[in-house]
Structure formats: structure tokens, C-alpha cells
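First the structure, in the form of C-alpha cells, and then the observations on it.
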Amino acid sequence: MTLKGSSAGVASYDMGVGHGASVIEEQSDTYTPTNGTRQGSRKLIVFPIVKDKTWSDEFSEVLTARLGHDIQWQYSYQARSLSHVIGSERRRVGAGTFDTFIIERKTAWTKRSPHSDSSELREQHCDTDDCSVDGYSKEVLWYAPSVGRGVLRAYAQSGDKSVWDYSPDDLIRNASSLVTELVGYGNDAACATAQPPLLGSIPMAPWYGFPLLMNDTWEFLMQRDIARE
């Protein structure tokens with residue numbers, strides 16, 4: 001990610017290269033990606049960050065999901081979240097060792113109303129009358145004040161509420177978790193010498209509580225899409 005600028009409380013970043021390149025804009029005060037369709041409030045971080053602080057948020061928005069480089073589809077996403085600063089610790093990641101606050105975020109969500117203009121998805125159909133999916137997610141963010149961002153993030157979602165019971169370390173080790181970490185930080189030269197990740201991983205097992213095998217229903221696609229929580 002490269003910070004390109006900030007204006008009116010919105011920071012703009014370039015992320016990725018080649019076909020995966022994209023631009024991200026996020027609210028500087030809550031670190032929340034912008035979305036013009038959002039109703040309600042989404043707050044990933046609320047400053048000041050202090051131990052035992054909690055906050056909640058509830059919102060709905062339309063999300064765009066992608067399959068490959070040129071196939072995209074949309075659905076409505078509704079979420080209710082509770083965040084809690086559970087403590088602090090020194091955490092080592094690829095970019096170094098940082099003093100961090102540990103922020104847990106639990107979310108109950110509903111996805112519905114999938115649709116697409118892509119001809120490749122014309123065979124998709126709804127398996128249920130309301131064409132919706134309910135689920136739960138657990139995210140843990142290790143936020144480093146010295147960097148001004150999270151240096152480690154672990155996320156898992158499920159059709160079962162038990163995902164909320166994972167401890168931070170359990171979430172890092174879980175085969176169904178997506179784990180991202182900071183591997184370089186600074187100017188262009190410093191980031192060019194980024195170190196190998198120590199903990200980063202992609203989900204290696206299907207999310208518990210959802211069908212294991214791929215099928216041609218919209219519900220399956222909604223279950224498998226990580227809704228940027």
C-alpha cells in the first residue's frame with residue numbers, strides 16, 4: 001500500500017500491482033473504507049484507544065465481489081458489530097517488533113439480493129426463497145500507534161456463532177482464518193526491502209457451518225465472499 005494523499009478526512013492509497021492494482025479510500029478517523037451506498041455507521045477503530053474500551057456499530061451497504069479479473073457481482077450486506085480493546089502486547093511481524101493494542105471485533109451479518117450483469121454468472125440461482133445468508137465473523141487487529149495502522153490482522157467467518165469464542169492466538173492458527181501482516185514500512189526504499197511474512201496465511205479449510213463443496217447457487221458465492229469486515 002502507498003499513501004497517495006489525504007483530504008477532508010479521507011485518505012487515499014494505491015494497493016497491489018498489475019491486474020490486482022486498486023485504489024482504496026478510507027475515513028482517517030475510523031480506518032473504514034468509504035462506500036457511497038452505506039447507511040448507518042461502520043467504525044473499525046475509535047480513538048483514543050485505551051484498554052477495555054468498547055464500541056458498537058450497525059450499517060448496511062451494497063458490496064461488489066469479483067471472480068477473476070473481469071467478472072463481478074453485487075449483494076446487500078447488513079452487519080451489527082461490537083469491538084473491544086482487550087489489551088496490549090509487543091508483537092513481532094515481518095516488518096519488525098511493535099507495541100500494539102489488541103482489538104477484537106465480533107460481527108453478525110446478513111447477505112442478500114445478489115445480482116450481476118456478467119454473462120458468466122447467468123446460471124447462478126437462489127436455493128432459498130429469500131436468497132439470503134446469515135453468518136458471524138471474528139476479527140482481531142493488532143494496532144501499532146508508532147505506525148498508525150494495524151500490523152497484524154486475523155479474520156474468520158462462519159455459519160456458527162462459536163467463531164466468536166476463538167482467542168487471538170487461536171484465530172491466527174485456525175486453518176479457516178485469513179491472516180495479514182505488515183512486512184515493510186517507510187519510504188519506497190524501505191518497503192522495497194520488505195521481509196518475508198511470519199504469520200500471514202490464506203484460509204486453508206472451508207468455513208464451518210457452510211457447504212463444503214462448490215455449487216451454482218448465489219448463496220454459495222455469498223458464503224464464500226469475505227465482506228471486507
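Calculate the spin-label point distance for D160 paired with Q74, positioning each point 7 Å from the Cα along the beta-carbon direction, and give it in nanometres.
Placing both labels 7 Å along Cα→Cβ, they lie 3.5 nm apart.
Compute, for the stretch 39-79, the length of the dipole vector about the Cα centre, with Cβ point charges of +1 (Lys, Arg) and -1 (Asp, Glu) only. Units Debye, rounded to 20.
Using Cβ point charges on Lys, Arg, Asp and Glu, the stretch 39-79 gives about 180 debye.
For D188, D170, D225, D117, which order do you get if you count the other beta carbons within 10 Å of each Cβ and list the fewest first?
Arranged by neighbour count, lowest to highest, D188, D170, D225, D117 become D188, D117, D170, D225.
Restricting things to alpha carbons, tell me how big the chain is in terms of Rg and Dmax, in Å.
18.0, 54
Greater than 26 Å separation of Cα atoms is the criterion. Which listed pairs, K43/K111; K43/K161; K4/K138; K53/K138; K111/K138; K51/K106, meet it?
Among K43/K111; K43/K161; K4/K138; K53/K138; K111/K138; K51/K106, the Cα-Cα distance tops 26 Å for K4/K138.
Pull out the extension gain between S119 and S12, defined as 0.36 nm times the separation in residues minus the alpha carbon to alpha carbon distance; nm, one decimal.
Length gained, S119 through S12: 35.3 nm.
Just from its helices, what would the mean residue ellipticity at 222 nm be for the chain, if runs of 4 or more DSSP H residues each count -39500 (n - 2.57) and the sum is divided by every residue, rounded to the nearest 500 deg cm²/dmol?
-2000 deg cm²/dmol
Nothing charged except the Cβ atoms of Lys and Arg (+1) and of Asp and Glu (-1): what's the magnitude of the dipole of the chain about its Cα centre? Round to the nearest 20 debye.
740
Where does each of F210, F101, F47 land when they are ranked from fewest to most other beta-carbon atoms within 10 angstrom?
F47, F210, F101
Here, each number is a calculation from the coordinates, and none is a lab measurement. Computed from a prediction, not measured in an experiment: that's the story for all the values here. Because the Cβ atoms are built from the backbone with ideal geometry, glycine has one as well, and the counts that use them run over all protein chains shown.
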